[in-house]
Amino acid sequence: PSRTLFNVEESTRPTVPAAPSYAFLGVAGSDGWIGPETNPGGTALWPGFSTEGVPTGVVDGNQLTLRLESVTGPGTLHVFQTSSFGEPMRLFSSTGSAYRSWTIPRGTHAHANWAFSAAGNYTLTFSATALTNGTSISATQSYVFVVGNVPAAVATTTTLTASTNRIVQGDTVTLDAT
């Protein structure tokens, strides 16, 4: 994750629904960017959570707690699932102290809507905590999301020169790069 950028593309930019239950996303009709819960076409980033790699019985109660530790970026983050009746079920929010942790059973594979209020770069830091034989274990990881268009690549060049092109074992060679 430390070398991966997750891109919530410009094409995933819907407007905030007018339904009162979605007011936490912002003013109805305003822009937002969503890494969607469902992705039938397979073309957009499809973020989710997985505890499938946690074997049965390794953690007490077969559950872990995921916690949103911090969000830095130009806007807000809200992670939610959609009920079968179309209502949001909030999991995480960067605003306030509510919706900061979610207890999830081991063996779960779940997707959610990752809603960002503004384009730009975000760093999301999550922790995972569980008990094993009554002892707390945890890990923390940061993820970088680029919301909107990814900046165009900038061409660069590198020149490498050596102090000599003929050496004998044991000789010192100096390399310079620009």
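Of the residues contained in region 80-93, none is found to be part of a loop (DSSP other than H, G, I, E, B) and surrounded by 13 or more Cβ atoms within 10 Å (Cβ to Cβ). No other residue among Ala139, Ala118, Ala98 is surrounded by fewer than 13 Cβ atoms within 10 Å (Cβ to Cβ), in contact with a strand residue (DSSP E or B) (Cβ under 9 Å, 6 or more places away or on another chain) and either of a type in the set (Phe, Trp, Tyr) or not in a strand (DSSP E or B) (or both) apart from Ala98.
Could you check, for region 142-155, whether at least one of its residues is over 30 Å from Ser127 (Cα atoms) and of a type outside the set (A, V, I, L, M, F, W, C)? Within region 142-155 (the criterion being over 30 Å from Ser127 (Cα atoms) and of a type outside the set (A, V, I, L, M, F, W, C)), the answer is no, since none of the residues qualifies. Summed over region 101-115, the residues that are open to solvent by 40 Å² or more (accessible area, probe 1.4 Å) and among the hydrophobic types (A, V, I, L, M, F, W, C) give a count of 1.
Applying the criterion of being assigned to a strand (DSSP E or B) and open to solvent by less than 80 Å² (accessible area, probe 1.4 Å) to the residues of region 142-161, the residue that is farthest from Thr4 (Cα to Cα) is Thr161. Per the listing Phe6, Phe24, the residue uniquely closer than 17 Å to Gln81 by Cα, in contact (Cβ under 8 Å) with a residue 40 or more places away in the chain and either open to solvent by 40 Å² or more (accessible area, probe 1.4 Å) or touching a His at 6+ places or on another chain (Cβ under 9 Å) (or both) is Phe24. So Thr164 ticks every box in (1) in contact with an Asp or Glu (Cβ under 8 Å, 6 or more places away or on another chain); (2) in a strand (DSSP E or B); (3) exposed (fewer than 11 other Cβ atoms within 10 Å of the Cβ) but one. Which box is left unticked? Result: Thr164 passes all but (2). Within region 121-135, the set of residues being surrounded by 14 or more Cβ atoms within 10 Å (Cβ to Cβ) and either out of contact with any strand residue (DSSP E or B) (no Cβ under 7 Å at 6 or more places or on another chain) or not aromatic (Phe, Trp, Tyr) (or both) comprises Asn121, Leu124, Thr125, Ser127, Ala128, Thr129, Ala130, Leu131.
The values are calculated or read from the model by the stated rules, or taken from the named source; none is laboratory data. Not measured: the values here are computed from a predicted model. Cβ coordinates were reconstructed from backbone atoms using ideal geometry, including for glycine residues, and neighbour counts include every protein chain displayed. All accessible areas refer to the heavy atoms of the entire protein, side chains included, with ligands and DNA or RNA removed. Shrake-Rupley method; radii C 1.70, N 1.55, O 1.52, S 1.80 Å.
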